[in-house]
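K.L.:
Take this structure, written in structure tokens, and hold onto it; I'll ask about it next.
None of the figures in this text is laboratory data; all of them are computed from the coordinates on show. Values in this document were obtained by computation on a predicted structure and should not be read as measured data. Cβ coordinates were reconstructed from backbone atoms using ideal geometry, including for glycine residues, and neighbour counts include every protein chain displayed.
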Amino acid sequence: MTSSRRQFLQIASAGAACATFGAALGSADVPTLGMIFPPANYPVPPEATLLYPSGVRFLAEGVGLEKMTAEEYDRVFGRILPAAEKLAK
């Protein structure tokens, strides 16, 4: 599969929005924000908890990008939607 970095970012943004919306619907008592990050095992950044110190639960999911190359983006491209679906659950 050949795709551009722009397509990767568009799909990542759409996936994050879907995951966030779906997760928020599933938890009426605590709003939840799902975040998809290019690298694997990327933690929720401290800025998130500074913006929302209480009342928001954050979930993070990485897709395993190791290098910022076109080939690497192609390699992880198919992991974006599954990451969004995982966050939405």
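K.L.:
For a Förster distance of 25 Å, can you work out the FRET efficiency between the beta-carbons of E71 and Q10, rounded to the nearest 0.05? Kindly include the intermediate steps, with their values, before the conclusion.
P.N.:
Numbers: r = 19 Å, r/R0 = 0.76.
Computed FRET efficiency for E71 and Q10 comes out at 0.85.
K.L.:
In whole Hz, what ³J(HN,Hα) sequence does region 53-62 give by Karplus (6.51, -1.76, 1.60; θ = phi - 60°), x for Gly and Pro?
P.N.:
Using θ = phi - 60°, the values come out as x, 8, x, 9, 9, 10, 10, 10, 9, x Hz.
K.L.:
How much length is gained on full extension from L59 to Y42, taking 0.36 nm per residue of separation minus their Cα-Cα distance? It would help to have the intermediate numbers written out before the result.
P.N.:
Details: separation 17, 0.36 × 17 = 6.12 nm, distance 1.06 nm.
Once the chain is fully extended between L59 and Y42, it gains 5.1 nm.
K.L.:
Ranked highest first by average number of other Cβ atoms within 10 Å, how do 73-79, 47-53 line up? Each step should come with its number before you reach the end.
P.N.:
Values: 73-79: 17.4, 47-53: 10.6.
Ranked from most to least packed, the peptides come out as 73-79, 47-53.
K.L.:
Near the amide H of A60, under 5 Å away, which other amide H atoms are found, from residues 5 or more places off or on another chain, if H is placed in the peptide plane?
P.N.:
Close amide H contacts, sequence-distant or interchain: M35.
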